[in-house]
Amino acid sequence: MCDFILNENEKQLLLQIARNAIKGLFNEGMKSRSETEIPDKLKAPLGAFVSLYNETQLRGCIGTFITSKALFATVEDVAISSAINDSRFEPVRASEVDDLTIEISVLTPLERIKSIDEIELGVHGIYVKKGILSGTFLPQVALKTNWTIEEFLGHCSRDKAGIGWYGWKDAELFRYRAIVFNDK
């Protein structure tokens, strides 16, 4: 997947699919894109996150690592979930849709790591798993927060996985990369 590259047309198509999926929540008559109109590359079974922003305020962010669906269908599904199912926020209103900035993160498969030295801030996202509890931060979170690697792991463990600040020390650790792009 590290060799997986999206050109500008493919990125724009995924952004359009995400926006149309969200608009479709409010416009029953909107037709979805035919699968025959989708380039083969966007049919690969890859995970993705969709983050929604109204100006600089996060309005929703949901994604999945593991999917048997095509990338374009995953983007469609998580865009809808980000708009209405992120429990941290009120659902997106119809009046907001045109003003939203949509950010898509196409994910590489998870790679289990043995040491935090294998994580490069701003390059790798992290996934922390302990029993049934888990949490993740996308690679761009490290760039936005300027956290150290220990802060990155601590916040993920405590705030996302709910296993305490040092929970990462005896949890399973994974890293991944993301192709990140937005429509603004």
Against the longest alpha carbon principal axis of the chain, how many degrees, from 0 to 90 and to the nearest 10, is the axis of helix 8-24 turned?
80 degrees
For an R0 of 35 angstrom, estimate the FRET efficiency from the Cβ-Cβ distance between Glu37 and Lys144 and round to the nearest 0.05.
0.50
Percent of alpha-carbon pairs separated by more than 21 Å within the range 111-178:
9 percent
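For the range 113-179, which GluC sites (Glu not before Pro) pass both filters: DSSP loop (anything but H, G, I, E, B) and at most 16 other C-beta atoms within 10 Å?
Details: sites: Glu118, Glu120, Glu150, Glu151, Glu172; in loops: Glu120.
Here the GluC sites (Glu not before Pro) that fit, given the DSSP loop and packing criteria, are Glu120.
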Calculate the spin-label point distance for Lys23 paired with Glu90, positioning each point 7 Å from the Cα along the beta-carbon direction, and give it in nanometres.
2.4 nm
Number of Lys-Lys pairs in the range 8-107 under 21 Å by Cα, sequence gap 8 or more or different chains?
10
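Set the Förster distance to 22 Å, then compute FRET efficiency between Val123 and Asp3 from the Cβ-Cβ distance, nearest 0.05. Each step should come with its number before you reach the end.
Working: r = 16 Å, r/R0 = 0.71.
The computed FRET efficiency comes out at 0.90.
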Using a Gaussian network model on the chain with a 10 Å cutoff between Cα atoms, which of Ile116, Ile80, Ile22 fluctuates the most?
Ile116
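What number does the range 8-107 give for Rg over Rh if you use C-alpha atoms and the Kirkwood radius?
Rounded to two decimals, Rg over Rh is 0.95.
What FRET efficiency comes out for the pair Thr101/Ser68, r = Cβ-Cβ distance, R0 = 22 Å, nearest 0.05?
Result of the calculation: an efficiency of 0.15.
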Rounded to the nearest 10 degrees, the helix 71-84 long axis (Cα) sits at an angle to the longest Cα principal axis of the chain of 80 degrees
State the number of lysine pairs found in the range 111-178 whose Cα atoms come within less than 22 Å, restricting to pairs 8 or more positions apart or on distinct chains.
10
Normalised convex hull volume, the chain, alpha-carbon set, Å³ per residue
121 Å³
Would you calculate a helix-derived [θ] at 222 nm for the chain, using -39,500 (n - 2.57) for each DSSP H run of n ≥ 4 and dividing by the full residue count, to the nearest 500?
-7500 deg cm²/dmol
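None of the figures in this text is laboratory data; all of them are computed from the coordinates on show. Remember, predicted model here, so these are calculated numbers, not experimental data. Here the Cβ is made from the backbone with ideal geometry for all residues, glycine too, and neighbour counts use every protein chain on show.
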